[in-house]
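The values are calculated or read from the model by the stated rules, or taken from the named source; none is laboratory data. Being a predicted model, the structure only gives us computed values, none of them experimental. With ideal geometry, Cβ positions are generated from the backbone for all residues, glycine too; neighbour counts draw on all protein chains shown. Side chains are part of the model used for accessible areas, which takes the heavy atoms of the whole protein and leaves out ligands, DNA and RNA. Shrake-Rupley method; radii C 1.70, N 1.55, O 1.52, S 1.80 Å.
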Amino acid sequence: MHERERHRIILSAVQEKPVVTIQDISELTEASEATIRRDIAALHVQGKIRRVRGGAESIHPPQLGNLAGRPFRVSEGVNIDKKRAIARKAAELCGQGDAIIINGGTTTFQLVHYISAYRLQVMTNSFAIAEHLVKHSKNTVTVPGGAIYREQSLILSPFDNDTTRNFYARRMFVGAQGVGPLGIMEADALVIQSEQKLMRQADELVVMVDSSKFRQRSSLILCPLEQVTTIITDDGVSAETVRMIEDAGVSLIIASVTAQSEREDSPSVA
């Protein structure tokens, strides 16, 4: 990842938490802690952040009341090649005229580039996904009622009468904060409430996660692993993880990141 992109991620991250640690940023950017220390020092000298012991903080305090989890703009560029390869495989599960649900997230967002030629019935709680599909595809787009959470680009409502129960889908596509033996994990209770409502409206649950998510954990479980129909991940997945998925009776699709990169520099947009 280039220095400019790392700096963008650091600046976004410090707006969401009082203090962001060197380890947090290293995991986000997949850069060494020594590199992140140099980045923080450079941004500190430029007056863009304040360097603190073990990390950095914003010059201006972050706003309160945001959802837990990384903001959309922070995560969007992380592992982008893996996300695109996973999204291409996910799109292959769709057929003309299918009704699908796409949950908000930066991996699921990549689906928009590969389903633009389809005429699907799409429900999504992602403002970013809905906006892109309306502008660049002929898919029919439905969104549930609720408030827009700008940082995560999500439309969420704590109420049951948000139109979700009036939509039926063949498949639902979701991302996750982490995946482990106990199940699919998320970081925010309101996000889980929204996802579980959507899950009840679909026959199949397809989880789209890059291989790093199998090393990450979160405090909240969305659903047990056995409830998942299919997991799509990249070819960096470990043999131990493959066994865990297969033992749970979940179908596994592995996307080749190398093949994806050779096929195209970036997804085509309708």
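Annotation for E30 and T229: the two label points, set 7 Å from Cα along the Cα-Cβ direction, are 2.9 nm apart. Expressed as a whole percent, the accessible surface of the chain that belongs to carbon and sulfur atoms is 48, based on a 1.4 Å probe. Taking Cα atoms only, the orientation of helix 189-199 departs from the longest principal axis of the chain by about 20 degrees. Per-peptide packing, taken as the mean over residues of other Cβ atoms within 10 Å, places 36-48, 104-116 in the sequence 104-116, 36-48 from highest down.
State to the nearest 20 debye the size of the charge dipole of segment 3-58 about its Cα centre, where the only charges are +1 on K and R beta carbons and -1 on D and E beta carbons. Can you show the working numbers first?
Numbers: 10 positive and 9 negative charges, 63 e Å.
The calculation lands at about 300 debye.
With a Förster radius of 35 Å, plug the Cβ-Cβ distance of E5 and D203 into 1/(1 + (r/R0)^6) and report the FRET value to the nearest 0.05. The formula returns an efficiency of 0.35 here. Of all DSSP bridge pairs formed entirely within the chain, close to 40 percent run antiparallel. In a simple Cβ point-charge model (Lys, Arg +1; Asp, Glu -1; nothing else charged), segment 72-255 has a dipole of about 440 debye relative to its Cα centre.
What value, in deg cm²/dmol to 500, does the helix sum -39500 (n - 2.57) over DSSP H runs of n ≥ 4 give at 222 nm once divided by the residues of the chain? Kindly include the intermediate steps, with their values, before the conclusion.
Working: 10 runs with 89 residues, N = 270.
Taken over the chain, the calculation gives -9500 deg cm²/dmol.
With all protein chains kept in place, the per residue accessible area of the chain amounts to 48 square angstrom at a probe of 1.4 angstrom. Using r as the Cβ-Cβ distance of D247 and R38, and R0 as 35 Å, what FRET efficiency do you calculate, to the nearest 0.05? My answer for the efficiency is 0.25.
With a Förster radius of 35 Å applied to the beta-carbon distance between R53 and K135, the computed FRET efficiency rounds to 0.15. Note on Cα extents along the principal axes in Å: of the candidates [x] 54, 41, 38; [y] 46, 43, 33; [z] 58, 48, 33, the value calculated from this structure sits at [x].
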